[in-house]
Amino acid sequence: MENFSLTRSELVQLTADTFIISFNEWIDFEPIQFIMIETETSIVRKPFGLGRWNGKLAIGVQIIGPGTNYIVQQSVLNAHGPCGKGFVPPEGKGAMIATPACLPMALDLHKRCSCDVFIGSLEELSIEIPFPLVVGDEAFLSLLRSLEGYDWFLVIGSDQMEKISYDALKDKAEVFVSFNEYMACGIGACRGCAKETKNGLKHLCIDGPVLRGEEVWS
Ligand code: FES
């Protein structure tokens, strides 16, 4: 892990509050690893899953407060990483189910392992994407019910979306969940990401961010 600066190449708006930022620099990373980005609004850096957009390193940002708003405004960002364990897709046919802010991660995982990708959004996107998109809660639940014939799923989104997806998919295949939303320091120093699992206490920034859903939920 190291500190580095990233200069913005492109800012793409997906929804009213969600953007993709691509960068001129490239760093090597493994699937679903993340970086911690500094802001001027807090001493705590913020975590963003690494991915790609148009062949460039990219992150997705949903504006949820001053810190994420700051990140979308800047042309140069200071970051630290890559953090976390890379996700190793199991053998067999897999699918990633994600929210729009995870699109760069989805593009990266799809490129690496040819998994299917489904994006669930609360609103229409302002651009075309190369994956099936469902809009709204009902359409998302219907998508989850329709998914058959997979050996594994990877779910990344909000807490609630991840739990709903796990409950709907757990009897169909192995379900992995990326718990990015729990990060604080991101480097194993604060213990703020500790999560009780069936296999003992795990620190999501070191042992994750991806865990098997069954480790966390019944
Ligand atoms: S986020 Fe600080 S120890 Fe994991």
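At 1.4 Å probe radius, can you tell me the per residue accessible area of the range 1-156 in Å²?
46 Å²
For the chain, modelled as a GNM with alpha-carbon contacts under 10 angstrom, which of Pro31, Pro66, Pro82 fluctuates the most?
Comparing Pro31, Pro66, Pro82 in the GNM, the peak value goes to Pro66.
Got a number for carbon plus sulfur as a percent of the range 2-83's accessible area, 1.4 Å probe?
Roughly 44 percent, rounded to a whole number.
Could you tell me which of Gln62, Ala16, Leu77 has its Cα farthest along the dipole of the range 2-83 towards the positive end, charges placed at Cβ (Lys, Arg +1; Asp, Glu -1), taken about the Cα centre?
About the Cα centre, the residue reaching furthest to the positive side is Ala16.
Taking the Cα centre of the chain as origin, work out the dipole magnitude from +1 charges on Lys and Arg Cβ and -1 charges on Asp and Glu Cβ, in debye rounded to 20.
Its charge dipole is roughly 420 debye.
Restrict the search to the range 82-114; then list the trypsin sites (Lys or Arg not before Pro) that DSSP places in a loop and that have at most 14 other Cβ atoms within 10 Å of their Cβ.
Of the trypsin sites (Lys or Arg not before Pro), the ones in loops of the range 82-114 whose Cβ has at most 14 other Cβ atoms within 10 Å are Lys93.
Among Leu14, Leu103, Leu201, determine the one that fluctuates most according to a GNM of the chain built with springs between C-alpha atoms less than 10 Å apart.
Leu201
For the chain, the longest stretch holding no GluC sites (Glu not before Pro) located in a DSSP loop with at most 16 other Cβ atoms within 10 Å is which?
For GluC sites (Glu not before Pro) (loop position, at most 16 other Cβ atoms within 10 Å), the longest site-free span of the chain is 149-218.
With +1 on the Cβ of every Lys and Arg and -1 on the Cβ of every Asp and Glu, and nothing else charged, how large is the dipole of the range 94-216 about its Cα centre, in debye rounded to the nearest 20?
My answer is approximately 480 debye.
In a Gaussian network model over the chain where Cα atoms closer than 10 Å are linked, find which of Ser165, Ser178, Ser146 has the largest mean-square fluctuation.
Result: Ser146 has the largest fluctuation of those listed.
Could you please state, rounded to a whole Å, how far the C-alpha centre of the range 6-54 is from the C-alpha centre of the range 178-213?
20 Å
Got a sec to turn the phi values of the range 60-76 into Karplus ³J(HN,Hα) couplings, 6.51 cos²θ - 1.76 cosθ + 1.60 with θ = phi - 60°, whole Hz, x for Gly and Pro?
Running phi through 6.51 cos²θ - 1.76 cosθ + 1.60 with θ = phi - 60° gives x, 10, 9, 6, 10, x, x, x, 5, 5, 4, 4, 5, 7, 8, 9, 10 Hz.
Please list 3J(HN,Hα) in residue order for the range 83-89, calculated via the Karplus relation 6.51 cos²θ - 1.76 cosθ + 1.60 where θ = phi - 60°; whole Hz, with x for glycine and proline.
After applying 6.51 cos²θ - 1.76 cosθ + 1.60, I find 10, x, 8, x, 8, 9, x Hz.
The values are calculated or read from the model by the stated rules, or taken from the named source; none is laboratory data. What you see is a predicted model, and the numbers here were worked out from it, not measured in a lab. Virtual Cβ from ideal backbone geometry, glycine too; neighbours counted across all protein chains shown. With ligands, DNA and RNA removed, areas are computed over all heavy atoms of the protein, side chains included. Shrake-Rupley method; radii C 1.70, N 1.55, O 1.52, S 1.80 Å.
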